[in-house]
Number of protein chains: 2
Amino acid sequence: MTGWVAIAGLGPGNEAMVTPEVTGILAQATDIIGYIPYVARVAPREGLTLHATDNRVELERALHALELAANGARVVVVSSGDPGVFAMASAVFEAVEAHPEFTKTDIRVLPGITAMLAAAAAVGAPLGHDFCAINLSDNLKPWEVIEHRLRMAARGDFAMAFYNPRSKSRPHGFEKTLDVLREECSPQTLITFARNVSHPDQTLNTVTLAEATPDMADMRTLVIVGNSATRRIGKYVYTPRSAT
Amino acid sequence: MTGWVAIAGLGPGNEAMVTPEVTGILAQATDIIGYIPYVARVAPREGLTLHATDNRVELERALHALELAANGARVVVVSSGDPGVFAMASAVFEAVEAHPEFTKTDIRVLPGITAMLAAAAAVGAPLGHDFCAINLSDNLKPWEVIEHRLRMAARGDFAMAFYNPRSKSRPHGFEKTLDVLREECSPQTLITFARNVSHPDQTLNTVTLAEATPDMADMRTLVIVGNSATRRIGKYVYTPRSAT
């Protein structure tokens, strides 16, 4: 039996947002690997081994998947959202780079609905013009890089989607982010805080940059910052397709 | 009967990438509105009216959807990819803004797999770190805005995904884009040209910025430009999760 590794995106949480492609690959798997809450979304069945691990062990998890595949297993590494956006796909390729014996492994990536697209859809169309996606976690990059990117994105008048805006271990990063935005953007810039996107307890909160406070975000929040043209229309927030 | 408008993303082309949420809303529709090739993806059935229109009539199409819904129709406006990314969602909200009598219309946006996520997955994980999405069409914004955004994105060391890189009516825009990138980025920067993403005739071509030529892109191509850390590993292209 020839093993393979598929890195599949389960979408933001609503099972109706899981693509049939992903559902199909899960049905073929012998092994599921991933962070505990994502593995919990896969139904147990005979012949399927679930390997749920804690957060922050992405490289060990990736190596485990590659080793199982080398022994003939059909392994699905599950991510929430899209595996290529701040998720497990890059970690698997990092593991291949560190262990070149896996370079010939059959690896495929199956896209999913990433949180920013579900959050944007829930509130209207705030990413309807040019935009950036920025991971605000400084676990893997220095704060100076984040700050520089925020300034470049603001000066380019991009809308922005922020992943991982705030956690208990990084209580001040989002406060600093708001400070940078206040230096670069109009106080009337619209910011949407989308928490638990696509889950039954989803909440949406849109305020101006002047009104935004750090505690509006937590680790389950996706933040969307509008560009200079982003506006409200009724209960919706959208960015027009033209530049002004 | 209370009408509504749903703006739904059909994904990049592969039917296995259409979410069950979108399939479910199509089954409830009385009317489907959209650009000819996207409407052609919806199976005809009794009680369903298909309204296929040509490209570049987005606002008329949006207004038509709102008018039908006001008369009780259940209207699905179909987009390829994700409706909120350079697609129909913003056009519908623009139409609402121009016709405030529709402000109370029940409008929902259903996300889909946008082309850049499918293209990134097909080649590996080139968008695994901070990135920008830029529409290179200058139909709705001046070239100067595009050029400025390209420079800001490059100086922020963002990976970039380009939609609508080149068309017959805009033969020189992508050439100018490559010129700007050559001024701002290393000649070793990796560029992937993903054509007809997720279709059976999908092609992937990754070259360095030094090797890239304007004719590598056409209107069916999604272009991904790596950041300074994007690299090849075997047949894959990926961007590591750390900043360097």
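Every read-out reported here was derived from the displayed coordinates using simple, explicitly stated rules and does not represent laboratory data. Just so you know, these numbers come straight off a predicted model, no measurement behind them. FYI the Cβ positions are ideal-geometry reconstructions off the backbone, even for glycines, and counts take in every protein chain you see.
Indicate the gyration tensor shape class of the protein assembly as shown (rounded, prolate or oblate), computed on the Cα atoms with a ≥ b ≥ c the square roots of the eigenvalues: a/c under 1.5 is rounded; otherwise a/b larger than b/c is prolate and the rest oblate.
rounded
Please report A:H148, A:H64, B:H129 as a ranked list, fewest other C-beta atoms within 10 angstrom at the top and most at the bottom.
By the 10 Å Cβ count, ascending, the order reads A:H148, A:H64, B:H129.
Please report B:W4, B:W143 as a ranked list, fewest other C-beta atoms within 10 angstrom at the top and most at the bottom.
The most exposed by this proxy come first: B:W143, B:W4.
Which distance in nm do the two modelled labels at B:E60 and A:L48 give, with both placed 7 Å along the Cα-to-Cβ direction?
4.9 nm
How would you rank A:V85, B:V207, going from fewest to most other Cβ atoms within 10 Å of each one's own Cβ?
Sorted ascending by nearby Cβ count, the order is B:V207, A:V85.
Please compute, for peptide A:146-157, the average count of beta-carbon atoms on other protein chains lying within 10 Å of each residue's beta-carbon.
Going residue by residue through A:146-157 and averaging, the value is 5.
Around B:V77, under 10 Å between beta carbons, what's the net of Lys plus Arg minus Asp minus Glu among the other residues?
So the environment of B:V77 carries a net charge of -1.
Based only on the alpha carbon positions, what is the Kirkwood hydrodynamic radius of region B:45-115, in angstrom?
That comes to 12.8 Å for region B:45-115.
Please compute, for peptide A:114-124, the average count of beta-carbon atoms on other protein chains lying within 10 Å of each residue's beta-carbon.
Rounded to a whole number, the mean comes out at 6.
State the percent of C-alpha pairs, over all pairs in chain A, separated by a distance greater than 34 angstrom.
Here the tail beyond 34 Å accounts for 22 percent of pairs.
Give me the base-10 log of I(q)/I(0) for region B:1-130 at each q in 0.11, 0.13, 0.14, 0.16 Å⁻¹, Debye formula, one uniform scatterer per Cα, rounded to two decimals.
Ignoring solvent entirely, the Cα scatterers give -0.37, -0.51, -0.58, -0.74.
Averaged across the residues of A:136-144, what count of C-beta atoms belonging to other chains lies within 10 Å of each residue's C-beta?
Other-chain Cβ atoms within 10 Å of each residue's Cβ, averaged: 2.
Using the crude model of +1 on Lys and Arg Cβ and -1 on Asp and Glu Cβ, and no other charge, please compute the dipole size for chain A relative to its Cα centre, in debye to 20.
That gives a dipole near 600 debye.
Take every Cα pair under 8 Å in region B:86-213 that's 6+ residues apart, average their separations, divide by the length, and report that relative contact order as a whole percent.
21 percent.
Let a ≥ b ≥ c be the square roots of the eigenvalues of the Cα gyration tensor of region A:15-77; is it rounded (a/c under 1.5), or, if not, prolate (a/b larger than b/c) or oblate?
Note, shape of region A:15-77 comes out oblate.
How much net charge surrounds A:F193 when only the other residues with a Cβ under 12 Å from the Cβ of A:F193 are counted, with Lys and Arg +1 and Asp and Glu -1?
0
May I ask you to derive the relative contact order of chain B, considering only C-alpha pairs under 8 Å and at least 6 residues apart, and to give it as an integer percent?
Contact order relative to length: 20 percent.
Before anything else, pin down the relative contact order of region B:73-140: Cα pairs under 8 Å, at least 6 apart, normalised by residue count, whole percent.
32 percent
Of B:I191, B:G124, B:M160, whose Cα points farthest to the positive end of the dipole of region B:107-244 (charges on the beta-carbon: +1 Lys, Arg; -1 Asp, Glu; origin at the Cα centre)?
Projecting each Cα onto the dipole axis, the largest value belongs to B:G124.
For every other residue with a beta carbon closer than 13 angstrom to the beta carbon of B:T30, add +1 if it is Lys or Arg and -1 if Asp or Glu, then tell me the sum.
0
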